[in-house]
Structure formats: C-alpha cells, structure tokens
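To keep things clear, I will list the structure first and then write my remarks on it.
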Amino acid sequence: MQGYQLTFYTQQDRTHKRLPLAQWIVEEARRLGIGGATMTSAAEGFGRDKKVRSAAFFELSNQPLQVTMAVSESDAERIFDKLKEEEIDVFYVKIPVEYGMTGQR
C-alpha cells in the first residue's frame, strides 16, 4: 500500500486533556481506526528552541517522546483534521512510504 509515515515529536510534560500528548495521539489514532502507532522515548534531544531535553534518573518530565505510524492518505488527513480541531501544535515529519505485511495472515 502507498501512504505516509507520520512521526510526531513532543516531550513527556506536554499534555492534552490530562494525558501526556504522545499518549493522547496514540489513543486518538486507535479511536480513529488507525492500524497501529508506536510511542518511543528518547534519552535526549533538542527542538526549535534549542533547549536540550533529557530523561533524568529522578525526573522524566523533559523526556523526549515520538509517536510513529504508517497510514493511508485518508487516515493522515483524519489525524491532521483531529489535531487541528483540538488546536494541538506539535512538530511532525510526513514521509511518503510503501507499507504492508509480509507473509500470510
């Protein structure tokens, strides 16, 4: 199938509706019927503000997180429509990809 790999970048302390934003994106993708999404945590990173964010031993609020999913064009539109509706400002990367499953189900 042809579609997009979407990756959203945020950090643990960003929230939406009382959930960490990355978790909200994963749960919203599930509600929208997206086939899958993966949330990944990083040890360290920096964003457009050039501030270094990292996961410290006792404090995870600055921990960088990313949510990645492979979606059809229509699924991508639905996700971005929902983000716009919810007025969420989050950095993303959208890459055209071919995706599918190997073998038989």
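Observations
- Relative to the longest principal axis of the Cα atoms of the chain, the long axis of helix 21-31 lies at roughly 20 degrees.
- Taking the protein heavy atoms of the chain in the context of the full set of protein chains, the accessible area attributed to carbon and sulfur is 49 percent at 1.4 Å.
- Cα-based reach from Lys17 at 18 Å (exclusive), listing lysines while leaving out same-chain residues under 8 positions away: Lys82, Lys84
- Electrostatic dipole magnitude of the chain [Cβ: Lys, Arg +1; Asp, Glu -1; Cα centre; debye, to 20]: 180 debye
- Sites Gln2 and Arg30, calculated FRET efficiency, Cβ-Cβ separation with R0 30 Å, nearest 0.05: 0.85
- Calculated [θ] (222 nm, deg cm²/dmol) that DSSP helices of n ≥ 4 give over the chain, each run adding -39,500 (n - 2.57): -7000 deg cm²/dmol
- Contour minus Cα-Cα distance for Lys17 and Ser41 (0.36 nm per residue): 6.6 nm
- Option label - percent of Cα pairs over 20 Å apart computed here, alternatives (1) 58; (2) 41; (3) 46: (2)
- Crossing angle, helix 73-85 versus the chain [Cα axis fit, 0-90 degrees, rounded to tens]: 40 degrees
The values are calculated or read from the model by the stated rules, or taken from the named source; none is laboratory data. Source: prediction; values computed, not measured. Ideal geometry is used to build each Cβ from the backbone, glycine not excepted, and the neighbour counts take in all protein chains shown. We work out accessible area using only protein heavy atoms, side chains counted, and drop any ligands, DNA or RNA first. Shrake-Rupley method; radii C 1.70, N 1.55, O 1.52, S 1.80 Å.
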